[in-house]
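First comes the structure, then the notes that go with it.
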Amino acid sequence: MKSMSLQSRAIILSIALLFAFAGLWQLLLPAGTGSAEGMDPAYAALMGATAKGASAMPGPLEVGKQIWEHVLNPFYDAGPNDKGIGIQLGYSILRVLIGFGFAVVIAIPLGFLIGMSPLFYKALDPFIQIMKPVSPLAWMPLALYTIKDSVISSVFVIFICSVWPMLANTAFGVASVRKEWLNVAKTLEVGHLRTAFRVILPAAAPTILTGMRISIGIAWLVIVAAEMLVGGTGIGYFVWNEWNNLSITNVIASIFFIGVIGMLLDMVLSYLTRLVTYAE
């Protein structure tokens, strides 16, 4: 009998860890002690207990049930503050794709030009490294003040936070192309444009896509924080609204959906990276 493959064993281990986590979660839930008796119900829920003394923190079964309810009816629309999680995720994904798309259009050509010039690469790299770690929350007030539109501001913040890793990786990938390949192109008298597209771009493609993969993760992180600030629609606003409603179950369910979408976006770019990766 053949032993199980690594992938099969990994799946079994993942399932076992999931059940272990759910069991530990259930065991660690605070039991009702009666300490919340006499409190205002809203305040008691905020403190993690109901007015009857029971814990307001949901267990894994409650969260699982809520997730399933969202899956069954993701696109309902009962008003401005009551939309299905599918609609909210759709708004967020659209904003991320728009901001990320603008970042791709700007970062890859600019990074290509920077990487081809050692002088510009060394001169501009410090500025890129300074801008990369700036928090989206630092950009949002400036965006709201100058743009004066919450939706466009959130797209701008996604753009400005995701452009730097992509720019840095593109410039690094282009600058790191092996000199032997460039010398062969010169020997064969290949034109500059053809060298860029037939030699440099294929060689730098894995690094460029790695930068895009980092940037899409940052963009998805940014949109949640941005939508919490600007409100209206989106998964970030949904999380904030459910917190204001003291629905911890929906908050945890939202975290699950945010993680799933982030994983899917990462998987798409990971697959594209594998397609262009070559063995030397």
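The values are calculated or read from the model by the stated rules, or taken from the named source; none is laboratory data. Quick caveat, the model's predicted, so the values are computed rather than measured. As a convention, Cβ positions derive from the backbone with ideal geometry for all residues, glycine included, and neighbour counts pool all protein chains shown.
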Notebook entry, point to check: Cβ-Cβ below 8 Å, separation at least six or inter-chain, first residue in region 83-94 and hydroxyl-bearing (Ser, Thr, Tyr), second outside any helix (DSSP H, G or I): which pairs?
Noted result: Tyr91/Thr233; Tyr91/Gly234; Ser92/Gly234
Margin query: Go through region 125-146 and report how many residues are small (Gly, Ala, Ser) and either surrounded by 15 or more Cβ atoms within 10 Å (Cβ to Cβ) or assigned to a helix (DSSP H, G or I) (or both).
Written below: 2
Note to self: Against the condition within 18 Å of Met228 (Cα to Cα) and in contact (Cβ under 8 Å) with a residue 12 or more places away in the chain, how does Met140 come out, does it pass?
What the structure shows: yes
Next item on the list: Can you work out which of the residues in region 262-280 that are of a type in the set (Val, Ile, Thr) and touching a helix residue (DSSP H, G or I) at 6+ places or on another chain (Cβ under 6 Å) is modelled with the lowest pLDDT?
Entry: Thr277
Next item on the list: Filter region 251-280 down to residues that are over 13 Å from the mean Cα position of the chain (by Cα) and of a type in the set (Asp, Glu), then give me how many there are.
Entry: 1
Notebook entry, point to check: In the list Gly236, Gly191, which residue meets the criterion of being more than 16 Å from Val96 (Cα to Cα) and either in contact with a strand residue (DSSP E or B) (Cβ under 6 Å, 6 or more places away or on another chain) or not hydroxyl-bearing (Ser, Thr, Tyr) (or both)?
Noted result: Gly191
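In the set Val163, Val151, Val134, which member is aliphatic (A, V, I, L, M), over 30 Å from Pro202 (Cα atoms) and in contact (Cβ under 8 Å) with a residue 60 or more places away in the chain?
From the options Val163, Val151, Val134, the qualifying one is Val151.
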Check: If you take the residues of region 152-180 that are out of contact with any Gly (no Cβ under 6 Å at 6 or more places or on another chain) and of a type in the set (S, T, N, Q), which of them is nearest to Ile108 (Cα to Cα)?
Finding: Ser162
